[in-house]
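The values are calculated or read from the model by the stated rules, or taken from the named source; none is laboratory data. Predicted, not measured: the structure shown is a model, and the values here were computed from it. Virtual Cβ from ideal backbone geometry, glycine too; neighbours counted across all protein chains shown. Areas reflect the complete protein model, heavy atoms only, side chains present, ligands, DNA and RNA absent. Shrake-Rupley method; radii C 1.70, N 1.55, O 1.52, S 1.80 Å.
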Amino acid sequence: MSETKKIDVNLLYAILLREVENDTVQEVDPNLYRNIAEFLGNIKNHDYDGIESKITESLVKMITEMTSILLKIRIEKATSLDEIDYSNLLDEERFILDSEDELRQRKETILSATLNGRLKLLETVGENHRARSIVIRFLKPMDQIMGTDLQSYGPFEAEDVATLPFENARSLIGKKVAVKVSWED
């Protein structure tokens, strides 16, 4: 599918049906998820009343369910072998699978280090994990704080975004003073 088409319910259903009917990940428009996001964004940005509102809600629900099923099927197919099959995967799907591959590698590293008595590696992994930073968004104003890295941070106003050491960020998130910034924010 080399040409870019505007997405609609019928086209999405046809793509999903083709994916279900085949054992391998099918070639799709590289902009598929962006087209779906644009389509849903346009629908959600309109104010509909009465029956139009109910139809729109049903349409959004249907597209949401089809997209979720499509993504799940494509990821499952790509990972059904020992090696991930990246052919025909979209960038967004590769993004998901890269994190799964990293998770698998991390598990293997910890298990191998534990079973082979590599204490130094385990200590280093723990230290590096605690020393990492997290991006957070403040929900409330906050005075200046001393980070676990002995650096000063702040003061902060509500909605400020900052990168803080893991332990400090985790504490602030736990106290509901801040939230972790994720890709959706």
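For this structure, a couple of remarks:
- Where chymotrypsin sites (Phe, Trp or Tyr not before Pro) fall in DSSP loop in segment 86-185, at most 12 other Cβ within 10 Å: Tyr86, Trp183
- Longest site-free stretch - the chain; sites: trypsin sites (Lys or Arg not before Pro), DSSP loop, at most 12 other Cβ within 10 Å: 7-131
- Shape descriptor for the chain: Rg over Rh equals 1.09 (Cα atoms; Rh from the Kirkwood inverse mean 1/r).
- Per residue, segment 101-147 exposes an accessible area of 77 Å² to a 1.4 Å probe, with every protein chain left in place.
- Unsatisfied cross-links (Cα-Cα over 25 Å) in the set Lys6/Lys54; Lys6/Lys72; Lys72/Lys107; Lys6/Lys180; Lys61/Lys107; Lys77/Lys107: Lys6/Lys180; Lys61/Lys107
- Solvent-accessible surface (1.4 Å probe) assigned to Ser112 amounts to roughly 50 Å².
- With contributions of -39500 (n - 2.57) from each DSSP H run of at least four residues, the per-residue ellipticity at 222 nm computed over the chain stands at -18500 deg cm²/dmol.
- Model label zone, Thr24; criterion: amide N under 14 Å from point 7 Å along Cα-to-beta-carbon; scope segment 81-104: 81, 85-89
- In the assembled protein chains, Leu115 presents an accessible area of approximately 130 Å² (probe radius 1.4 Å).
- Helix runs (DSSP H) in the chain reaching 15 Å along axis by Cα, Kyte-Doolittle at least 0.5: 9-21
- Extending 7 Å from the Cα toward the beta-carbon at both Met146 and Lys44 defines two label points whose distance is 4.4 nm.
- Annotation: Ser99 carries an accessible surface of approximately 70 Å², with a 1.4 Å probe and no ligand, DNA or RNA atoms counted.
- Once the chain from Asp98 to His129 is taken as fully extended at 0.36 nm per residue, the excess over their C-alpha distance is 9.2 nm.
- Student exercise, the chain dipole from Lys, Arg, Asp, Glu Cβ charges, in Debye to nearest 20: 760 debye
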